[in-house]
Amino acid sequence: MNATAETSVTATTAPPEDRIPFVEEIKNLLYASKGNPISTCIQCGTCSATCPVASGGFMDNSPRRIIAMIRSGFKEQVLKSNTFWYCASCYQCTVRCPRGIDIAELMYGLKRFTVWRTEHQEGLIGPTFSETFVKMIMRTGRSYEPVLATTYLFTYGLPEMILEAQTATSLMLKGRLPLLPARIKRLENFKRMIRHIIPIGDKE
Amino acid sequence: MKKYAYFPGCSLEKMAHSYHMSALETTRALGIELKELEDWNCCGATAYFHVDELLAFTLCARNLAMAEKEKLDLVAPCSGCYKNMFFTREHLKHDADLAEHINEALAEDNLHYAGTSSVRHLIEVFAHDVGFDAIKAKVTKPLKGLRVAPYYGCQILRPRKAKEDVEQPRFFEDLISAIGAEPVDYLLRLSCCSGALIITNRRAALSMVRNLLECAVRSKAAIIATACPLCQVNLECYQKQVNREFGTDLNVPVVYFTQLVGLALGIPPKRLGIGSELVAVMPAIREVLEAEPAVANT
Ligand code: SF4
Ligand code: SF4
Ligand code: SF4
Ligand code: SF4
């Protein structure tokens, strides 16, 4: 079994950037967003004020600031920011934005952008977590909590790991952690379906 | 008897098994049939949307297509699953090219999604499809005097467009009243519990969980009710870590709304999965359960 099989999205999906202005690149990311373009943002700061993560001081740039930075073409600084990786996708900002901008989808878009380009900030757990999760679903069609926990453990270090292990052990004792990952039945069809969307290359 | 295709989602298989058990017990008692969707796949949670949106839509569409094949609406007990499948359906409905592309992929599994089956959250089924009066009529053990903080969380409301529904929902409070308990008002009932940040940014997550729990406890809630396995795990299983991190003394049980409804319908706690929690539920409900069955059903 070739464990190193390339299962992440291939570089061919990334646009030939640099020629298009950054604002335009970002616009192209917002496939699913039905909100207004970020050019309509009035910088009122409602998004930052309602964001439970930003208002706790955990984001290096607030959502409002990220939008200002994108519009001014601060590409490198935006991509290096932890803002979108620390976004919990709670849609609070989207609901409240007076200009109808779908900020939560913008955050998703930025995550995908940095995953494709592998340009995210050092030391973030979000990207590893997401990729592990995706690979797992691609293999089994289901997610498996202990695998996620392991990714977490390896990334976080010892003190956190002990705490996590305590939680995991208590859950295990209560019969709340599965011992074996589940699999869907029509797995072959499922994998073909996935390959239809993304050419994954050789599978293990 | 109303029938739905039931999409348990990965966490209900083990982590949130008590949600699964209590969902099945209570729906049966209320005359609803949940038929588990055959060979369902993970909806991709939020992680998938971080990596590839099209693929995320495809995963959700496969589940929708299988429900449609059975001519049933899909019911999800997990707010994350619900939101993902709801959004997928919306996008496919409004984007014919996208729908075509995804249906080509679905054809690999002999499936097709035309958009007729819709998606419901389990709590919506209770609140709207069954209705508060019908629930009230079946209550044999009203949870009198139990102060319950309804925790909506975020994803459950976001898909809806009408402002009042998103900003001032009342259905969870009404459901709690319908089973004879007392809904507690508190500020953060709609705030996010931090979701997957519990894994990706522990510090931020614990502080969000702390704010929420303290807010509920300050309003004298004896118990918190949730409608999502991730909300439940975040609020319950990390209380110890919150206490260690912030020197707090939190110890508040967090249950699924189906467990409370089940108790009020007279279903024994064991069959609702009560006993598998890390913060014991029984001390908070014993008194209510042992109360004399005064004049029920009036
Ligand atoms: S709430 Fe909307 S308009 Fe206001 S700063 Fe944020 S994105 Fe801009
Ligand atoms: S969706 Fe993200 S940016 Fe918006 S309020 Fe929630 S956490 Fe903050
Ligand atoms: S969101 Fe969570 S519970 Fe729902 S299917 Fe995906 S991993 Fe499973
Ligand atoms: S409150 Fe938390 S777990 Fe619940 S839906 Fe929101 S992010 Fe998910």
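Highlighted here are the helices (runs of 4 or more DSSP H) found entirely within region B:161-254 that include at least 3 residues which are away from chain A (no Cβ under 12 Å) and touching a residue at least 24 places away in the same chain (Cβ under 8 Å): B:171-178, B:202-218. Candidates B:CYS237, B:CYS193: the one that is within 15 Å of B:CYS78 (Cβ to Cβ) and either within 16 Å of ligand 3 (Cβ to nearest atom) or surrounded by fewer than 24 Cβ atoms within 10 Å (Cβ to Cβ) (or both) is B:CYS193.
The residues of region A:31-65 that are more than 14 Å from chain B (Cβ to nearest Cβ), assigned to a helix (DSSP H, G or I) and at pLDDT below 95, listed by number, are A:ILE38, A:SER39, A:THR40.
Of the helices (runs of 4 or more DSSP H) entirely within region A:68-135, those holding at least 2 residues that are farther than 24 Å from B:CYS192 by Cα and at pLDDT below 70 occupy A:103-117. Does B:TYR113 meet the test of being assigned to a helix (DSSP H, G or I), of a type in the set (Phe, Trp, Tyr) and either buried (at least 20 other Cβ atoms within 10 Å of the Cβ) or within 28 Å of the chain's Cα centre (by Cα) (or both)? For B:TYR113, the condition - assigned to a helix (DSSP H, G or I), of a type in the set (Phe, Trp, Tyr) and either buried (at least 20 other Cβ atoms within 10 Å of the Cβ) or within 28 Å of the chain's Cα centre (by Cα) (or both) - is not met.
For every residue, the table says whether it meets (1) within 18 Å of the chain's Cα centre (by Cα); (2) more than 16 Å from ligand 4 (Cβ to nearest atom); (3) within 9 Å of chain A (Cβ to nearest Cβ).
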| site | (1), (2), (3) |
| --- | --- |
| B:ALA23 | yes, yes, no |
| B:PHE57 | no, yes, yes |
| B:ASN84 | yes, no, no |
| B:LEU92 | no, yes, no |
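Answer with yes or no whether B:ILE156 is out of contact with any Gly (no Cβ under 9 Å at 6 or more places or on another chain), closer than 21 Å to B:SER11 by Cβ and within 14 Å of another protein chain (Cβ to nearest Cβ). Taking the combined requirement at face value, the residue satisfies it.
For B:VAL281, the test of being within 14 Å of chain A (Cβ to nearest Cβ), in contact (Cβ under 8 Å) with a residue 40 or more places away in the chain and more than 17 Å from B:LEU230 (Cα to Cα) is passed.
The values are calculated or read from the model by the stated rules, or taken from the named source; none is laboratory data. On a predicted model such as this, the values are computed, not experimentally measured, just so you know. Note that we place each Cβ from the backbone using ideal geometry, even for glycine, and neighbour counts take in every protein chain shown.
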